[in-house]
1. Is it true that C:G198 is surrounded by 22 or more Cβ atoms within 10 Å (Cβ to Cβ), within 8 Å of another protein chain (Cβ to nearest Cβ), more than 29 Å from C:R31 (Cα to Cα) and of a type outside the set (A, V, I, L, M, F, W, C)?
2. Could you identify the single residue in A:G437, A:G365 that is more than 24 Å from C:A66 (Cα to Cα), within 14 Å of another protein chain (Cβ to nearest Cβ) and surrounded by fewer than 23 Cβ atoms within 10 Å (Cβ to Cβ)?
3. Is it the case, given these coordinates, that A:E130 is away from chain B (no Cβ under 13 Å), surrounded by 15 or more Cβ atoms within 10 Å (Cβ to Cβ), at pLDDT 95 or above and touching a helix residue (DSSP H, G or I) at 6+ places or on another chain (Cβ under 9 Å)?
4. Can you pull out the residues in region C:107-153 that are among the charged types (D, E, K, R), farther than 18 Å from C:V204 by Cβ and either assigned by TED's automatic domain parsing to the domain that holds C:L97 or surrounded by fewer than 20 Cβ atoms within 10 Å (Cβ to Cβ) (or both)?
5. For A:T76, all conditions in the list (1) within 30 Å of A:F139 (Cα to Cα); (2) of a type in the set (S, T, Y); (3) at pLDDT 95 or above hold save one; what is the number of the exception?
6. Quick one: count up the residues across region A:224-256 that are more than 9 Å from every other protein chain (Cβ to nearest Cβ) and assigned to a helix (DSSP H, G or I).
7. Condition test on A:S401, is it among the polar types (S, T, N, Q), free of Cβ contacts under 8 Å to residues at least 24 places away in the same chain and within 11 Å of chain C (Cβ to nearest Cβ)?
8. Could you tell me whether any residue of region A:438-449 is touching a Ser or Thr at 6+ places or on another chain (Cβ under 9 Å), over 30 Å from A:F384 (Cα atoms) and among the charged types (D, E, K, R)?
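The values are calculated or read from the model by the stated rules, or taken from the named source; none is laboratory data. Computed from a predicted structure; not experimentally measured. Note that we place each Cβ from the backbone using ideal geometry, even for glycine, and neighbour counts take in every protein chain shown.
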Amino acid sequence: MELRVEEIKQKAAEAARNEVLHQTLSTAGDRFVALREAGFSQLNDPEGLRIRGRKVKERSLADLPRLLRLLEKKVTDAGGVVHWAKDAAEARSIILDLADRYGVKTVVKGKSMMTEEIGLNRAFSRKGIEVWETDLGEFIVQLADEIPSHIIAPAIHKNKEEVARLFCEKLGVPYTVNPEELTMVARRTLREKFLGADMGITGGNMLVAETGTLVLFENEGNIRMSTSLPRVHVALIGIEKVVESWDDFGVLLTLLSRSAAGQKMPTYLSLITGPRKPGERDGPEAFHLVLLDNGRSRILGDEVFRESLFCLRCGACLNVCPVYKRIGGHSYGWVYSGPIGILLNSELLPPGSARDLPYASTLCGACVEVCPVMIDHPKLILEFRRRLVEDPVWKGRRVLSRIVPIKIYAWISVRPVLFRFAGSMARTFQALLAPSGEWKWLPKAVARWGAERRVPWFKRPFSSRWKKLKTSGK
Amino acid sequence: MVQEAFFQPLEKAEDIRQMKRAMSSINGRRESRVVSTHRDQMLSRIEHSLEGIEEERGSKPVDETASASEWIPDDIPWGEAKKEIEALSDRFYEVKHPEDMRRILEDLVREHAVALAVRWEHPLLERLGIDRILGDMGVEIRVPSREEDWKALSAKAQLGITTAEALVMESGTLVLRTEAGLGRSTSLLPPVHLAFIQPSRRLKDLAALPRLIRSWANEPQGLPSAVTLITGHSCTADIELTLVSGVHGPGLVYVIGLSPGYDVDNEAVPTAEHQV
Amino acid sequence: MQGKKSPRKVSLFIPCLVEHFLPRVGEATARILTRAGMEVEYPDRQTCCGQMQFKTGYQQEARKMARHFLRVFKDSEAVVAPSGSCVGMVRHHYPELFRDEALLLKQAEALGRRTYELTEFLVDVLGIVDLGAEWPGKAVYHDSCQVSRVLGVREQPRMLLSRVHGLEMVEMEHQETCCGFGGVFSLEFPAVSEKITGDKASAVVKSGAGFMISAEPSCLLNVGLYLEKMGEHVKALHIAEVLAHQAGEPWN
């Protein structure tokens, strides 16, 4: 995926003016929030479950090498093949190589953020291989030549008129704004592709090392199709998704299902262990599991950022984030968006490249309350901000207009007499710059702040009122 | 534990080795067991990152929500599952007599204009006399024996008929396993999916799943290539959050629960009233 | 956080925003604590807790300011501030800042344990819910993120407000949603911040309240100044001002 993180300020400002986008994201967010609350309220001990979920992730990551080896053995025993890709380029090369070996002309894909991370679709197109996104939202986004804007609802930013127009133009079907009819168009178009495709590519929600099993959640059925109909199934998945046992699976299943859309279970849960066995009439002949690092082992080694690898990709943090709901997924400039997007984009991209991203947060903490594995997003965001200032590896560009006031303020704050003096100086300037109550001049950032707010007035400070207050007896 | 022991379980180690060799030839050119481009480097990088972590490792068996993975007794009513399945906008029927079965199937065939149905090659379906019952209604029912036919026929059929390894009462979830003769496409491609479930195959809640899966994994042949858990029918809300059914998979699921007393081998003989 | 034995002497911790822009909030806080039977003192060498520096990543600077703060309040029995974010800074972030300095870490933790937000001090430590206050009108309470999520203070302000004579509390939509200030956020992403603030202001107006009450000066200024510029008649008030007001007193 192309890197657009540095455009976040500009894109965010544009998106903020888009009231339709905001309405869509707000409505969707509220709905998902309500579903999640309903789903969690059915549990006996939701907080206890979140703690257990976090512990499953902690333990699994602490034991990752052993689990990966166990996983590899089990997948291989079941007749699958395991590949190890250290970065995006390697992953692309492995998958393209497989496509070559199996004579693949058409690929059907389930929704996978990882394939976005590695820019797989573009690599396929360059080789002349046809790739079809099959999740309805992803299909829409692909036809529109855009990128997904929400972890679980990729086309949430598109209204039905836009979809109707898109299908009409790209698929040559009559214009209709009826969602059912539009869905049936997609069903028919993609059914043909499923039946004719040579290779199915998916991501994965979990890997259970105990038996070498890939776990896939969905509601549409496109993942079952992609993993059952073509000759070859390739699954691309991050190394952090491994857990050891089916018991761990049980905990995460409950958390992910309920956090994402308040469901007890997704419509289809596929547990895939190797390719088809002798005698089976359908299913892929070959199963290839590509384990991708792409920076995750680096994050693993980072004491503070490690917990972002716990993410289950449920989307709950997006649904409650006031910033995300104003700026939408595309503003974040890379694969991941919302609070987890700030973390993952900043971590997976070269250190310091996402300089403004950590400031796209009010640190309100709504995300922490809903995260199924209790990731402390604000804490990690603050750490990013610190590194951008203090860490030689991460240092961002120096912004004098930010540094100077901050350092000056800090300097005078440890000198109380100066601090008070500065306060009275400010009031003097105020009298000069705003003699009749209207500010004649303000520093640019403050003036911008004051576009829709009255800029506050320096009053006679509390400290100078105290003596009188004390003696007057209140 | 596969229902009805319909194919000879591979108990002998030698059979399993043969099976693995057969699988490896299916996979085509077999290089080394693992394609390890940077495997060892990756593993050592991970190990290096984890140095100094004092957290406990490995998994802890979760046993406090101890609902047994045992099957619930036959005489427990189907009510909870019925409620769950209907809440998902699907259909659940308990059948006590073959006449009930026939009537339900007649309604289904009529409602969905079923001309062609595909079914699993499964002894329960055979003993229930599905072929005869549906045949009497003018439905062509096929059990594809050749691979090419599975997908093509399932894609053409209006109805796919399977059994289920288990039904989880708490959520109305059907658990299906792929086996020889039990294709994935049957419950996926046709617009309507019908599953039969016996009362001896019911689990109380989702907490039973880990133990169930593990029990299958411990069998000599291990887990099948796919275990599919089906809860409701295919749906999406990707267009303006409007819920639409049947986007890729079936748009409707019928679950027929056989009553404990149901005489599986007694096919309903069509009477004058029930004949189409 | 429960008072073992209620302190007699309380040190006022006046956030910089209150010092310069909302001094009447400081005055109200002092009055309330006095009425509650405390001996109130104001360590006049205090300046600022360093929150802005910390949250913009300038932790070296924040540390210097924190050291000064620790010195100023070293001998205080209890420290009370009319601000959730400042108390959060002291309680949660000071220990992080001094992670590697054992002595200061201990001091910071100890100070954190005796630093309180105003409503939590009144209700949890002093056990006081009724201050005999009066404020006729309809008001809505904004749950500031720093107060509700970071400090876990949600019930205390509501309990106090429920005892105010003549005050009718109403609910608004998205009660707990952030007001969009976020400190440096409002300067880095002003267009977005404005919109979020606008949403909160709309919710306030829609609730039909004549007043918006908050326990956080930054939210107060953010939404209040927005409402003013938009010409709305809803007034933004700090909870201290409401609780300090008694029957017969003049309005400011």
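1. no
2. When all the criteria are applied, what remains is A:G437.
3. Here the answer is yes, as A:E130 does meet what is asked.
4. C:E109, C:R113, C:R114, C:E117, C:E120, C:D124, C:D130, C:E134
5. For A:T76, the failing item is (1).
6. 6
7. no
8. Scanning region A:438-449 turns up no residue that is touching a Ser or Thr at 6+ places or on another chain (Cβ under 9 Å), over 30 Å from A:F384 (Cα atoms) and among the charged types (D, E, K, R).
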